[in-house]
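Colleague: After the structure tokens below, expect a handful of questions from me.
The values are calculated or read from the model by the stated rules, or taken from the named source; none is laboratory data. In this text the structure is predicted, and so the values were computed from the model without any measurement. Quick reminder, even Gly has a Cβ in these numbers, built from the backbone with ideal geometry, and neighbours come from all protein chains shown.
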Amino acid sequence: MFTSERVRAIAYQALLLAAVVGIGWLLVANTLYNLSTRQIQVGFGFLSREAGFEIAESPIVFDPSNSYGRAFLVGLLNTLRISALGIVGATLLGTLIGIARLSSNWLVARLASAYVEFVRNVPLLLQLFVWYGLITELLPPVREAIAFGDLVFLSQRGLRYAWPQAAPGWSAAGWAFAAAVVLALAWRALASRRQRATGAQWPVLWPSLGLLLLLPVGAWLAGGAPTQVDLPRLGGFDFRGGRSLSPEFIALLVGLSTYTAAFIAEVVRGGILSVPRGQAEAAMALGLKPGQRLRLVTMPQALRVIIPPLTSQYLNLTKNSSLAVAIGYPDLVAVANTTMNQTGQAIEAIAILMAVYLAISLAISLMMNWYAARTRLVER
Amino acid sequence: MNRIRAQLFSSPANSALTIATLALLGWALPPALRWLFLDAVWGHAPASACDAVRGQGACWAVVAEKFRFMLFAVYPYDEQWRPAIVIVMLCALLVLSAMRRAWRPWLAVVWAFGIAVSFWLMGGGAGLVPVRAEQWGGLPVTLMLAIFGVAFAFPLGVLLALGRRSQLPIVRSLSIVYIEVVRGVPLITVLFMASVMFALFLPEGLRIGQLLRAQIAIILFVAAYLAEAVRGGLEAVPRGQYEAAEALGLPWSKSMALVILPQALRVAIPSIVNSFISLFKDTSLVVIIAIYDFAYAVKKSVETDFAWKKYFIEAFLFSIVVYWIFCFAMSKYSQWLERDLARGGHG
């Protein structure tokens, strides 16, 4: 009986399961005992208790009398905010540097290579410390802030900028812009379907730009053409009015973007290099202009190779945003840390942290799988 | 001359780009070089000498002044020759392991010996003054966390990779869950978990120090990434090899050890080296749980001394140069290794 492979397989798995369950039960028992001796309640009830601490910056209103649950929400929003902006910045900068590395201009290619080789081999934490130190030490104090007209001020305390005051005209313009994006995409789908059916090419670029420009402007005019702007004004020890970006935010954004851009540059370079030269030559033989060649032949094939490692870099950037806790930006990890120290509810806080990051990883992975499936090469 | 024309000035747009880039370099480079080298204060000098050139020249004297703290943190002054030996020994072991001629079973024995000697030198006992783990710090801690992290995570990673490809459903599920969960969360959360939760997991009275907790967390973290690297290697081994081992009548353990793993690991080694480089950079995160690695030691060395506090940029630049030297050397080695292995050499 013991030589039968099926029996052995079942026996091994039963043993493994017993070992894992046994160790798990031991850890849980120890944990519950230790928690009870320290008089710490297990459970997520603490989330409705009053937080009692300030959060330095938040996209939604938060004061110390709000609950821990709301504090976690603020942390999550801060994390998403810096990750989204970081992804945009890193992609733009990384694509530029990746293309620069392939440039026929020796000087530009060498400089881009030097950038990538330098930034990739230094820990992100040190880069963040340096950016944060540069901003808080090298920028002038608030009273001598670098001014761009009356609209933008750069100082030790961060970036202060003018922003239009909220009015119906502006929100109407915002909605009109969203509608214009949807309409432009629909127009593009319609035009490509028409082209597949009849061969006739409807213009796509200019009508789309027109929509994106005219619809919001029209809505703005219809809403009364509001022009009131919230200007930052120096009063007392700091600016009043306008919107601001804290030094922590700026340092984290610049650090994350420049660091991830170096990795994205390598991904983009690999993708472009993976398209065989014959493709470009065939496109030229067909009489396609350079712009058309790039758009219709090179980029689709390069993107197929670029997208999977690119999403992996996006994931790394999101995980690296947790370094915010080291320079004082109140992201999810920083809020969880404060909560852990105040309430002792370490397990629940860490469980929330891990669940959130796993959800983000899963979402990004699913999107990547969907895109890869859509663009997969169907081979004979 | 013609080559310069072709590379830099081949078209109007290209020429404009070259001229713009040269102009940018000409504007930024001379002041930077002056600050970094020409007007800087080198060697031992009092803080006042640095204050005199503040803004024009870098103060490298801060590195000379705080050198010992940056390298060894709070390790007892008289015994600092011991961590110095550990640094040299671990670097020598890394260089030895890099040579393909050394890829033999005796390398594992040499490593085991090296690890044991490192612990003896750092911790003391048996003829040396005992030094508690709370006092270990600086570059030896960074090297130890990274090297021992990969060394001890490697067997676990191989097991996870094999488990993930296993036919047994429970083994496969457990492996997949472990790998995907650990790879989906940041290292900081794992370090927090180690720092606050290990104390709760263990029975009353049993306590493990902060450094050991961080080391265990790093081992558990790296194992998941190594598992993926080894899995890539396992998938690269042609099915014929598995079938041939079966045909020879080898049991699973022997076929893995003698046929599959040697081939799989050869393919996986560049990925493993890349994981090591990433880990080396990530050891700086133990700052968050207040462990004195090299990065934290550098940060603390200037933070607490009022006279030198404003020269933190020079201190950080020093640590950046040290990290860069290690990581750049390792990445160049990884590229060389990949090319060398692809040539089909036997190891």
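Colleague: What about B:ILE288, is it under 19 Å from A:ASN320 (Cα atoms), within 12 Å of chain A (Cβ to nearest Cβ) and of a type in the set (A, V, I, L, M, F, W, C)?
Modeller: In short, yes.
Colleague: Does B:VAL196 satisfy the criteria of being without any contact (Cβ under 8 Å) to a residue 12 or more places away in the chain and either crowded, with 16+ Cβ neighbours inside 10 Å or under 30 Å from B:SER301 (Cβ atoms) (or both)? First the steps, then the outcome.
Modeller: On the way: without any contact (Cβ under 8 Å) to a residue 12 or more places away in the chain: yes; either crowded, with 16+ Cβ neighbours inside 10 Å or under 30 Å from B:SER301 (Cβ atoms) (or both): yes.
So B:VAL196 passes the test.
Colleague: For region B:289-322, what are the residues that are within 17 Å of the chain's Cα centre (by Cα) and farther than 15 Å from B:VAL63 by Cα?
Modeller: B:ILE291, B:TYR292, B:ASP293
Colleague: Just to confirm my filter: which helices (runs of 4 or more DSSP H) fall fully inside region B:123-231 and include at least 1 residues that are within 20 Å of B:MET256 (Cα to Cα)? Can you show your working first?
Modeller: Values: elements: B:139-164, B:169-184, B:187-192, B:198-201.
Here the list reads B:139-164, B:169-184.
Results for (1) within 27 Å of B:ALA20 (Cβ to Cβ); (2) in a helix (DSSP H, G or I); (3) more than 7 Å from chain B (Cβ to nearest Cβ), shown as yes or no for each residue.
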position	(1), (2), (3)
A:ALA100	yes, yes, yes
A:SER113	yes, yes, yes
A:GLU117	yes, yes, no
A:PHE129	no, yes, no
A:TYR132	no, yes, yes
A:THR136	no, yes, yes
A:PRO140	no, no, yes
A:ARG143	no, yes, yes
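Colleague: Starting from region A:340-353, keep only residues that are more than 8 Å from chain B (Cβ to nearest Cβ), then list their pairs with residues that are of a type outside the set (Ser, Thr, Tyr) whose Cβ atoms are within a distance under 6 Å, requiring at least 6 positions of separation or different chains.
Modeller: Cβ pairs passing all conditions: A:THR343/A:PHE46; A:GLY344/A:ILE40; A:GLN345/A:PHE46; A:GLU348/A:PHE44; A:ALA349/A:ALA336; A:ALA349/A:MET340.
Colleague: Residues that are in the same structural domain as A:GLY255 (by TED's automatic domain parsing), among the hydroxyl-bearing types (Ser, Thr, Tyr) and surrounded by 12 or more Cβ atoms within 10 Å (Cβ to Cβ): does region A:72-88 have at least one?
Modeller: yes
Colleague: Does region B:271-281 include one or more residues that are assigned to a helix (DSSP H, G or I), at negative phi and away from chain A (no Cβ under 14 Å)? Step through it out loud before you land on a result.
Modeller: Kept after step one, since they are assigned to a helix (DSSP H, G or I), are these residues of region B:271-281: B:271-281.
Now narrow it down to the ones that are at negative phi: B:271-281.
Filter once more, so that each one left must be away from chain A (no Cβ under 14 Å): B:272.
Yes: one or more hits.
Colleague: Mind counting the residues in region B:26-44 that are part of a helix (DSSP H, G or I) and surrounded by fewer than 13 Cβ atoms within 10 Å (Cβ to Cβ)?
Modeller: 10
Colleague: If you don't mind, there's one more thing I want to ask. For the subset of region B:302-329 comprising residues that are closer than 19 Å to B:ILE272 by Cβ and surrounded by fewer than 19 Cβ atoms within 10 Å (Cβ to Cβ), which member is farthest from the other protein chains (Cβ to nearest Cβ)?
Modeller: B:ALA329
Rundown of residues vs (1) under 21 Å from A:ILE352 (Cα atoms); (2) more than 9 Å from chain B (Cβ to nearest Cβ), yes/no style:
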position: A:ARG6; (1), (2): no, yes
position: A:ALA11; (1), (2): no, yes
position: A:LEU17; (1), (2): no, no
position: A:VAL21; (1), (2): no, yes
position: A:LEU27; (1), (2): yes, no
position: A:TYR33; (1), (2): no, no
position: A:THR37; (1), (2): no, no
position: A:GLY45; (1), (2): yes, yes
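Colleague: So B:LYS332 ticks every box in (1) in a helix (DSSP H, G or I); (2) more than 13 Å from chain A (Cβ to nearest Cβ) but one. Which box is left unticked?
Modeller: Going through the list (1) in a helix (DSSP H, G or I); (2) more than 13 Å from chain A (Cβ to nearest Cβ), B:LYS332 breaks only (2).
Colleague: Let me ask something else. So, of the residues in region B:146-192 that are within 26 Å of the chain's Cα centre (by Cα) and among the polar types (S, T, N, Q), which turns out to be nearest to the other protein chains (Cβ to nearest Cβ)?
Modeller: Here the answer is B:THR189.
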